[in-house]
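Derivation of every value follows stated rules applied to the coordinates shown; laboratory data play no part. Remember, it's a predicted structure, so these values are computed and weren't measured experimentally. Here the Cβ is made from the backbone with ideal geometry for all residues, glycine too, and neighbour counts use every protein chain on show.
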Amino acid sequence: MNLCRNTLGYRERIKSKKQLETLFGGGKSRSMAAFPVRLVYMIQDSTADAPRMMMMVSVGKRHFKHAVKRNRAKRQMREAYRLNKHILSPASEKLEGKTLSMGFIWLSDKLMPTEIVEKSVINLMERLNERITMDK
């Protein structure tokens, strides 16, 4: 049963430049890919009021010149995460006092159907859940 709310609030998003630099430039992050999406993740110590999971999406201008197409790809990834984030519930329970930061990055030069994007995001989240629950 899905006890997690299907929301993606402001607090669950990575917004600050400092958070982005630690996720992508820290050297402690790991990544995996399921075409057309790549996942970069990192487990770090959290503050008292920080959520257990934070995410961001990125689609490069190199892949799509028009913002309309970039926004569609970002919207597809956010929606797939929002609807299926309950997959990571077992992993988030193991992360007491820590935050799981995730970055979903678009790899393809073409727009994909929503079903394919959702399958890729689900695949990545299931693999991430397995890694976290196995390590701890």
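Remarks
- Expressed as a whole percent, the proportion of Cα-Cα pairs in the range 54-126 lying more than 14 Å apart is 60%.
- Close amide H partners of residue 54, meaning residues 5 or more places away or on another chain with modelled amide H under 5 Å apart, are 100, 101, 102.
- Most simply put, the chain has about 65% antiparallel DSSP beta bridges, counting only bridges with both residues inside it.
- Dimensions (Å) - the chain, Cα atoms, principal axes, largest first: 41, 35, 26
- In loop segments of the range 69-100 as defined by DSSP, the GluC sites (Glu not before Pro) with at most 13 further C-beta atoms inside 10 Å of their C-beta are 96.
- Near residue 21: Cβ cut-off under 13 Å, other residues only, Lys/Arg at +1 and Asp/Glu at -1. The net charge is +4.
- Sites listed here are chymotrypsin sites (Phe, Trp or Tyr not before Pro) in the range 1-98 whose DSSP assignment is loop and whose Cβ has at most 16 other Cβ atoms within 10 Å, and the list is empty.
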